[in-house]
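The values are calculated or read from the model by the stated rules, or taken from the named source; none is laboratory data. For clarity, every value in this text was computed on a predicted model and none was experimentally measured. Quick reminder, even Gly has a Cβ in these numbers, built from the backbone with ideal geometry, and neighbours come from all protein chains shown.
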Amino acid sequence: MMHRSYSVTHLEQLESEAIYVLREVWAQFEKPVLLFSGGKDSICVAHLARKAFWPSRVPFVFLHVDTGHNFAETLTFRDAYVGQLGARLEVASVQASIDSGRVVEERGPNASRNALQTVTLLDALEAGGYDAAIGGARRDEEKARAKERFFSHRDDFGQWDPKNQRAELWNLFNGRMHPGEHFRVFPLSNWTEMDVWQYIKREQIPLPGLYFSHWRKVVERGGTLMAVTEHLTVQEGETVREAEVRFRTVGDATCTGCTESRAANLDDIIAEVAAARQTERGTRADDRRSETAMEDRKKQGYF
Amino acid sequence: MSEREESADNYLSMELLRFTTAGSVDDGKSTLIGRLMYDTKTIFEDQLEAVERTSRQRGDERVDLALLTDGLRAEREQGITIDVAYRYFATPRRKFIIADTPGHIQYTRNMVTGASTANLAIILVDARNGVIEQTCRHSFIASLLQIEHVVVAVNKMDLVEWSEERFEQIVADYKNFASRLRIPQITFIPISALHGDNVVNPSPNTPWYKGPSLLYHLETVYIGPDANHVDCRFPVQCVIRPHSDRWHDFRGYAGRVAGGVFKPGDEVVVLPSGFTSRIKAIHAGEQTLEEAFHPHSCVITLEDDIDISRGDMLVKPNNQPHVEQEIDAMLCWFSDKRRLQAGDKVLLRHTTREVKAIIKQVHYKVDVNTLHKVENEPELKLNEIGRVRIRVASPLFVDEYVRNRITGSLILVDPFTNETLAGGMIRLP
Ligand SMILES: Nc1nc2c(ncn2[C@@H]2O[C@H](COP(=O)(O)OP(=O)(O)O)[C@@H](O)[C@H]2O)c(=O)[nH]1
């Protein structure tokens, strides 16, 4: 009865699971939105959504929470990719939240807008009447995410309570909620960084150039290499130098570090990830602030 | 070539094994998982540094690998694991997903959750304590959730002088008790999670043990037949209608195959309507498939225009699920806010259907420590497991859980709080 061809690889399993989750979102919610940053994980989710509903168009609005500190390359890529999918892009601006006094900007040389994003995101979800926000977060990224559900319930303040999560069994997802509440949904929950790269390669998914090695001006700050952009002020005593670098994540330019690398294509990157001695988030200054930094932000409603 | 580079090459053909770990407090579960991740080089420098820092601050004499898996702040404060956490590691042969579940009595719910998607369970036993009540409970849950493979890892062998006699005694005790359960395959391995013996490499301390190391067993255990490739079941998730010029008449049914093998040309019956048609094509994105089986997600188109919507199921004419309005289920009750009693009204989710349901009867509950049936308390409380009769407002298309984990499982939801109340394994009355 068993048949050799019935075995499936782990990438096929992960793909079919993610597609199943995306379709459940579409079926269970009134107005879902896909959080799209132009980073590799959200690009992967968008690609999976395209597959899940083909030959229909992706039925989700795309939402980008723009810190105002993005790399120009990411934004160009974002617009082109969303345009090609024929989806509608909405941009929620942290700058607008600052200007309207909803949040107050951090000060100092390491000021980051990462924490402020939460307010902008929650405001945008409420304004748009969105009841589910699909994100590209993975459980392997950080300890506090290891317990995250596929369907993660948020109360009417957008908060996550790690002690009061719904049990998630088999593939039965419970997306019921009261008015004002919403869900975060994570189709890539079971993927690792390596899985994402391998899938990108298998599916030949396009990525912003920042992920591949290139020469640029950098400074070293707190053990991390930071790109010199219009969003980063070089401090006294810091030396700017040219280096061949690439980014492992392409978030906020003020807190996303790069690493020296000569990995110019996907095969190089996969070899580099396989040999890596630092987690992806290891290059994020905001997680270094304390051991429980991520968990604290998540409780407030961070991605 | 280093192991890691090799794993990059093999990556596209790797299999996936999902396993769960259970043990009572201090049996060494966190240490074992930390050890597996450490020895397979899944731990990164920055994670290790964070753990070293914490160990130093606490004044531990050595780096506590258990800290690597110890998730949330509340747990760190209480020093215990309180919820299911998922971890990932890979070797050149396989990728692994661990559902790490705590062993306290009050957390049966977590263990059931972790076991629901697992192919294998590791049950830890402290060599000094042997088979205890918790071991029985964990094994009962593994058998209830139909986990194919159980590994009894006899840990802390270093504390019993690597005694073969002690190990054999535990094996005998366990077998004696497990004869009352339905566990297809049980493997016993003597280990020391702390020192690494028989975890990744065979240990020189146990020359009398001829079996595989734990990791080797995880890498090679045969997981092929876990899915059902016989009974064709395709629960429809949603209908794909592009409404575009190019795909004007396209009408496809999206879903994930829950059992059997579907091919273009196959005759299918649609439940509940009973209409029949043939499969025109099976799509996965822009590709078309020659056949689809579990766990494929795909879109099926039919030769005839039939009214089909979410919650319907495509099956084969000569092999149909039971169409029932009254079912029995072994339920595990998750709520600390309410109990389950006859007459309760709830929502029931099964495959892609949601229906109203009423509890007809609590037949009995199971004392998970002794496996005795308790028949004189017809209600279920938090973390209790029992057999229940349920009546639903419209028919379900079900298989027994032992036959198919997907069409045989359900959850109950509170219609007012929306909380997930219970998970259930279907048995036919
Ligand atoms: N001697 C010895 N101690 C162990 C072994 N495995 C775990 N321990 C110790 O047992 C204690 C409990 O281990 P831990 O992993 O936290 O248990 P958990 O509660 O099951 O997660 C810790 O002090 C460990 O160092 C072992 O194989 N040998």
(request) Take the residues in segment A:29-65 that are touching a strand residue (DSSP E or B) at 6+ places or on another chain (Cβ under 8 Å) and facing chain B (nearest Cβ under 9 Å), then tell me which one is surrounded by the fewest Cβ atoms within 10 Å (Cβ to Cβ). (result) A:P55
(message) Just to be sure before I move on: is B:E290 under 22 Å from B:R93 (Cβ atoms), outside any strand (DSSP E or B), away from the ligand (no atom under 16 Å from the Cβ) and within 14 Å of chain A (Cβ to nearest Cβ) in the structure I sent?
(response) no
(request) Kindly indicate which of B:I406, B:I411 is modelled with pLDDT of 95 or more and part of a loop (DSSP other than H, G, I, E, B). (result) B:I406
(message) As an exercise: evaluate A:G175 against (1) among the small types (G, A, S); (2) modelled with pLDDT under 85; (3) within 30 Å of B:L412 (Cα to Cα) and give the number of the one condition it does not meet.
(response) (2)
(request) Hey, can you tell me all the residues within segment B:307-355 that are charged (D, E, K, R) and more than 14 Å from chain A (Cβ to nearest Cβ)? (result) B:D307, B:K316, B:E324, B:E326, B:D328, B:R338, B:R339, B:D344, B:K345
(message) What are the pairs with Cβ atoms under 6 angstrom where one residue, in segment B:17-32, is within 14 Å of chain A (Cβ to nearest Cβ) and the other, located anywhere, is of a type in the set (K, R) and more than 9 Å from the ligand (Cβ to nearest atom)? Sequence gap at least six, or different chains.
(response) B:L17/B:R94
(message) Being under 21 Å from A:V91 (Cα atoms) and within 14 Å of chain B (Cβ to nearest Cβ) is the requirement here; does A:H153 meet it?
(response) no
(message) If I ask for residues that are within 14 Å of B:Q325 (Cα to Cα) and charged (D, E, K, R), which ones from segment B:349-378 would you list?
(response) B:R349, B:R353, B:E354, B:K356, B:K360
(request) For segment A:104-114, indicate whether the set of residues that are out of contact with any His (no Cβ under 9 Å at 6 or more places or on another chain), buried (at least 22 other Cβ atoms within 10 Å of the Cβ), within 10 Å of another protein chain (Cβ to nearest Cβ) and not hydroxyl-bearing (S, T, Y) is non-empty. (result) no
(message) With the requirement that a residue be in a strand (DSSP E or B) and facing another protein chain (nearest Cβ under 10 Å), what does segment B:236-262 give you?
(response) B:V236, B:Q237, B:C238, B:V239, B:I240, B:G252, B:A254, B:G255, B:R256, B:V261
(request) Quick one: count up the residues across segment B:147-206 that are charged (D, E, K, R) and part of a loop (DSSP other than H, G, I, E, B). (result) 5
(message) Whether any residue in segment B:172-188 is within 15 Å of the ligand (Cβ to nearest atom) and touching a strand residue (DSSP E or B) at 6+ places or on another chain (Cβ under 6 Å) is what I want to check.
(response) no
(request) Kindly provide the set of residues from segment B:263-287 that are more than 12 Å from chain A (Cβ to nearest Cβ), assigned to a strand (DSSP E or B) and surrounded by fewer than 18 Cβ atoms within 10 Å (Cβ to Cβ), ordered by number. (result) B:E267, B:T276, B:R278, B:K280
(message) Can you confirm whether B:D304 is over 29 Å from the mean Cα position of the chain (by Cα), of a type in the set (D, E) and more than 9 Å from every other protein chain (Cβ to nearest Cβ)?
(response) yes
(message) Would you confirm, using the coordinates I've provided, whether B:I358 is outside any strand (DSSP E or B) and either within 14 Å of another protein chain (Cβ to nearest Cβ) or touching an Asp or Glu at 6+ places or on another chain (Cβ under 9 Å) (or both)?
(response) no
